[in-house]
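The structure under discussion appears below in the form of structure tokens.
The values are calculated or read from the model by the stated rules, or taken from the named source; none is laboratory data. Keep in mind that what you see is a predicted model, and the values were worked out from it rather than measured. A quick note on method: Cβ atoms are made from the backbone with ideal geometry, for glycine too, and the neighbour counts reach across all protein chains shown. Side chains are part of the model used for accessible areas, which takes the heavy atoms of the whole protein and leaves out ligands, DNA and RNA. Shrake-Rupley method; radii C 1.70, N 1.55, O 1.52, S 1.80 Å.
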Amino acid sequence: MKMTDRDLIKKLQILKDIKPRKDWVVLIKTQILGEEREQFSLIESLRLFFQFKLAKPAFASLIAVFLLFGLFAFAQNSLPGDFLYPIKKIAERGQAVFVSKIDKPQASLNLANKRLEELTKIAETNQVKKLAPAINEFQASVSEAAKNLSRMEATSSDPAAIKKMVEGTKELGGKIQEVKSLGVVIGEEEFDELQGVSDKLEVELLISDLEERTLWTEEQKEILNQMKELVEEGKYSEALVMFNAEFNKPASPEPMEEPIDESEEQIEEPIEKELIEEVTEEPTE
Amino acid sequence: MANKRKEFSKIYDRCINKIYRFIFLKVNSEEIAQDLCSETFLKGWESYKNNPNIENPSAFLYRIARNLTTDYYREKGRTNFVSPEIVPIVDPKPGIEEKVVFNSDLDQVKLVLADLKEDYQNVIIWHYLDDLPIPKVAKMLDKSEGATRVTLHRALKSIKNEINRREVKEG
């Protein structure tokens, strides 16, 4: 059989497949290039390590990011007075940057709740040293919430959001009472401020709501006017009491002993229904 | 230093396969090829450490590999590199094992290549296996392009003749 040049070249090229064993290749490489490394001093090898591994920008930033994330995650469980607590605050401030203006009151109220939880935790575990900073933190957060809440306008803001804030404030008030029952002394000033702002918003919302209704008895109009006067004088809670006494009476002959704040919570939806019922059923008083 | 090591490590990765193949095709033994190949790179690394400005690392490594294989044959008292033409097979009756090997065309080519004159081996390996163009092969052989082409032609012819000769012998 005669072999052509072409056949032969083809066969020769198959010899390209000849390759050394992979493990041998690796072994020899480390033998040749690795032997030297052992002769280096510790400092030299450390230097090498940093040069090879950490000096790579991608690697360095990766480590930094991991460390940072770890730190922030770890800080989330810290309490006021802890070493990592400032980091938690920084994280929260960072998150606050991304909160829209509309959501800000809600966010600050959430923070106040968080502070109160911390305070509760400290009170429950009797960490006396941390108590004072925790109370301070809580009060600061409450006045921050009050500040943010006061920026809300009853007329322009979303009624549902206001309602939520009002409820949140009430809840917070309840929780404060619980913490107080643990023996913690908390100044009322900040919360009163928040409560005041919340009451104001609530009343303003109610009035604007009531003004939209058309079915009025003289008596109800009178009460509305009185409420407005009270609001102008800044007596929001009294206006609220007045509203509850007049408009929020149970429509059915149910006992009156229903707690006030529960009926307050019903304000939003039942208001229309109750008003209509009351008006059509002719006022009893 | 670290930089040199890194650079040489790259050269190693790039060249290890072809240098190994180059040596293996000459000595036709995995064990010997591994020894000579690791020695080649060790020597290469030592020179590289002192002078990293080697123009063509692969040609440089080939030179070391050639010298080492020549030394190896010299030590073994083999003279097939010196002889101008193919050294005839010493054992006229190959064993069963060898016969099986011979049945495969590829191994046949491989064996014939291993017994070829050194210049023929080099030109074939570089041109057909490493896919180096003739001018580069000429430079490595330190010959003119024309002379390299002639060598290549003769090398192919020599392989064909040897294969035919062996086939006739077996048949």
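Only lysine pairs 8 or more places apart, or on different chains, with alpha-carbon atoms under 21 angstrom apart are counted in the range A:51-134, and they number 17. Considering only alpha-carbon pairs that sit under 8 angstrom and 6 or more positions apart, the relative contact order computed for the range B:4-84 is 32 percent.
Computed with a 1.4 angstrom probe on protein heavy atoms, the B-A interface buries about 3300 square angstrom of accessible area in total.
Projecting label points 7 angstrom from Cα along Cα→Cβ for A:GLU178 and A:ALA132 puts them 2.8 nm apart. The magnitude of the dipole of the range A:99-200, with charges of +1 and -1 set on the Cβ of Lys/Arg and Asp/Glu and taken from the Cα centre, is near 240 debye. Counting only lysines at least 8 places from B:LYS143 when in the same chain, those with an alpha carbon closer than 25 Å to its own are A:LYS16, B:LYS18, B:LYS26, B:LYS117, B:LYS157, B:LYS160.
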